[in-house]
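Asks: Structure in structure tokens, see below.
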Amino acid sequence: MNETRRAVLAAIADEAVSGPDLAARLDVSRAAVWKHIEALREAGFTIESDGGYRLVAVPDYGGPAIEFGLDAPFTIDYHDSLPSTNARARELAAEDETDVAVVANEQTGGRGRLDRAWRSPPGGIWLSVLCRPDLPPAHAPVLTLAAAVAVTEIAREHGVEAGIKWPNDVLVGDEETKLAGILTEMEGEADRVSWVVVGIGINVDPAGLPEDATGLRAHATDVDRRAFVQDLLERFAALRADPEEALAAWREHALTLGQRVRVSTGDGTIVGTARDVEFPGTLVVATDNGPVRVHAGDCEHLRPA
Ligand code: BTN
């Protein structure tokens, strides 16, 4: 949404403002004000014009709806349907964009970790944040941790008992069904990241999900996707600026720490008790042969027999 349109919305959010007043306040013509009002109506905003323009309702979802009232430094690139928000964010990276959240109502070719497909029906929360942090590539995993913490905390604010399985799965309840997953991709030089795409997939409707997955609406009655995405982006923006806080919060919300785990890495399998997570996201596993530090892998929680 462009600056003037954003300013029009902000001006009419709390009170009715006449066309001439708006034009004077924003230093644009009355015709321009009218065009912005019409464009906003077309985007689904309900704007009354009795005694001045006044915003009375915001659309349920979509780019302008998410941007309206968002207190985080991201523009929204919204699509009803995309093959993959990560793929779109990578395209934007190639166009030198940054601080964009690509959001789609549906993905037709959603991708998960380890080259798995990610089921992304209409009505879920599928988004990818493109940013260019001043970090060496080896530190980029802390952004994945930050995203997992943000999803977990906002889910909890909605009353969903979520926790994190290393490195970045958000699970719910004793059954540990999967609510959300994160796929981070990046490009960089030896000492500095060029761009990072943090792709976040959150199941909303539980219908049709595999047995080991769940959706927000299985645990919370009132899920407003727009508010959820806004809160998520705001929390993510705060955590990416404070890696220490992200790590501390990750530990607090971790389901993995203290558990017997089996971690498959490219080089083999490690079995032991998960003891800690160290910056930027390294899992420390106590094994029979002493502590082992794992930087990446697939982790399974081993339940006592
Ligand atoms: C996982 O395997 O757990 C990670 C799943 C990540 C899915 C999200 S949905 C939004 C973004 N776009 C994609 O294609 N994948 C990620």
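The values are calculated or read from the model by the stated rules, or taken from the named source; none is laboratory data. All of these numbers come straight from a predicted model, not from anything done at the bench. Virtual Cβ from ideal backbone geometry, glycine too; neighbours counted across all protein chains shown.
Asks: Taking only segment 171-191 into account, find how many residues are closer than 17 Å to Arg240 by Cβ and either within 11 Å of the ligand (Cβ to nearest atom) or at pLDDT below 95 (or both).
Replies: 5
Asks: Return the residue satisfying two criteria in turn: it lies in segment 130-170 and is closer than 12 Å to Ile202 by Cβ and in contact with a Ser or Thr (Cβ under 7 Å, 6 or more places away or on another chain), and of such residues it is nearest to the ligand (Cβ to nearest atom).
Replies: Filtering segment 130-170 for residues that are closer than 12 Å to Ile202 by Cβ and in contact with a Ser or Thr (Cβ under 7 Å, 6 or more places away or on another chain), the one nearest to the ligand (Cβ to nearest atom) comes out as Val170.
Asks: Separate question: Consider segment 78-122. How many of its residues are among the basic types (Lys, Arg) and within 7 Å of the ligand (Cβ to nearest atom)?
Replies: Final tally of qualifying residues: 3.
Asks: Do you know which of the residues in segment 248-305 that are assigned to a strand (DSSP E or B) and among the hydroxyl-bearing types (Ser, Thr, Tyr) is nearest to Thr184 (Cα to Cα)?
Replies: Here the residue is Thr282.
Asks: Tell me, please, whether a residue that is under 29 Å from Arg192 (Cβ atoms) and within 13 Å of the chain's Cα centre (by Cα) can be found in segment 105-124.
Replies: The answer is no; no qualifying residue exists.
Asks: Looking at (1) over 14 Å from Gly199 (Cα atoms); (2) buried (at least 21 other Cβ atoms within 10 Å of the Cβ); (3) within 15 Å of the ligand (Cβ to nearest atom), find the lone condition where Ala65 falls short.
Replies: In the conditions (1) over 14 Å from Gly199 (Cα atoms); (2) buried (at least 21 other Cβ atoms within 10 Å of the Cβ); (3) within 15 Å of the ligand (Cβ to nearest atom), Ala65 misses (3) alone.
Asks: For segment 60-82, check the following and say yes or no: at least one residue is closer than 30 Å to Val263 by Cβ, touching a residue at least 12 places away in the same chain (Cβ under 8 Å), touching a strand residue (DSSP E or B) at 6+ places or on another chain (Cβ under 9 Å) and not aromatic (Phe, Trp, Tyr).
Replies: No, segment 60-82 contains no residue that is closer than 30 Å to Val263 by Cβ, touching a residue at least 12 places away in the same chain (Cβ under 8 Å), touching a strand residue (DSSP E or B) at 6+ places or on another chain (Cβ under 9 Å) and not aromatic (Phe, Trp, Tyr).
Asks: So Leu127 ticks every box in (1) within 14 Å of the ligand (Cβ to nearest atom); (2) surrounded by fewer than 22 Cβ atoms within 10 Å (Cβ to Cβ) but one. Which box is left unticked?
Replies: (2)
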